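Please read the structure below before turning to the comments.
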Amino acid sequence: MSTHQSPSPQCEALMSCLSEYIDGELEADVCAEIDRHLAVCEECRMLVDTSRKTIQLYRHHFLQATVELPPDTQTRLWQALSDAGCVSK
């Protein structure tokens, strides 16, 4: 039996505007609401953190930006992307 639950409406709302939130494109009141949700939802905090790190990794690797991630973070992100079938070795 799985303990996985369906995402809450707040989680679904965050997922629907995750890119805009990370890019700072949402209105301040919407960001404040998301920040309140992130304060109590560990899964969404991990989603936002992982998404930000993935964007940094992409920029570093593909765009040769000056963003530096620790080597262990890069390794874990590449492994997660590989495990998810997003990249091939």
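Each reported figure results from applying straightforward, stated rules to the coordinates on display, with no laboratory input. Only a predicted model underlies this, so the values are computations on that prediction, with no experimental measurement involved. Cβ placement follows ideal geometry from the backbone for every residue including glycine, while neighbour counts extend to all protein chains displayed.
Add +1 for every Lys or Arg and -1 for every Asp or Glu among the other residues with Cβ under 13 Å from the Cβ of Lys53, and state the total.
+1
With the simple spin-label model, which puts each label point 7 Å out from Cα in the Cβ direction, the Val40 to Thr73 separation comes to 2.9 nm.
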